[in-house]
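In what follows, a structure is listed as structure tokens, so that the remarks can point back to it.
The values are calculated or read from the model by the stated rules, or taken from the named source; none is laboratory data. Quick caveat: nothing in here was measured; it's all calculated off a predicted structure. Heads up, the Cβs are rebuilt from the backbone with ideal geometry, glycines too, and the neighbour counts pull from every protein chain shown.
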């Protein structure tokens, strides 16, 4: 993610690279914070403005990143045809830090990568007994994160000019 402060007082920090985890959910809180507006509780992210003065992470900043991909988009996805799974079995969730990456699918075996030993993620170690315990820890961390933030209320719906559309 790139943030550029157009003000002259930001010139001293131009080109600063921050190597901390951010998520797209941080965008809205950052913009609202920049505008001096309150961030609603419904925003899952955190403002990135504290990084701007020195490029350092604020106290308690996240140590991992989470993301999901939901193939249930009613316009662009046809998982039934491409991978042979039903609509509701076609999503994945990921938790990643500097050491490991865990990918969980609704159907199918998980993927687990040791990013220190395999930074390009060519070797799935999910079936390796040596990684069983640490992989379980990542699965538990992901479950806790999903329980905190998951809301499937509008899954299978899309807002369109003609109204709310529902995938059959």
Any chance segment 39-50 includes a residue that's surrounded by 15 or more Cβ atoms within 10 Å (Cβ to Cβ), over 30 Å from residue 87 (Cα atoms) and free of Cβ contacts under 8 Å to residues at least 12 places away in the same chain? yes
Search segment 147-160 for residues that are assigned to a helix (DSSP H, G or I) and pair each with any residue that is at pLDDT 70 or above when their beta-carbon atoms are under 9 Å apart and the residues are at least 6 apart or on different chains. 148/44; 149/25; 149/44; 149/66
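This table checks each residue for (1) in contact with a helix residue (DSSP H, G or I) (Cβ under 9 Å, 6 or more places away or on another chain); (2) at pLDDT 95 or above; (3) under 20 Å from residue 43 (Cα atoms); (4) assigned to a loop (DSSP other than H, G, I, E, B).
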| position | (1), (2), (3), (4) |
| --- | --- |
| 125 | yes, yes, no, yes |
| 131 | no, yes, no, no |
| 137 | no, yes, no, no |
| 142 | no, no, yes, no |
Residue that is modelled with the lowest pLDDT, among those in segment 29-62 that are out of contact with any helix residue (DSSP H, G or I) (no Cβ under 7 Å at 6 or more places or on another chain) and outside any loop (DSSP other than H, G, I, E, B): 51
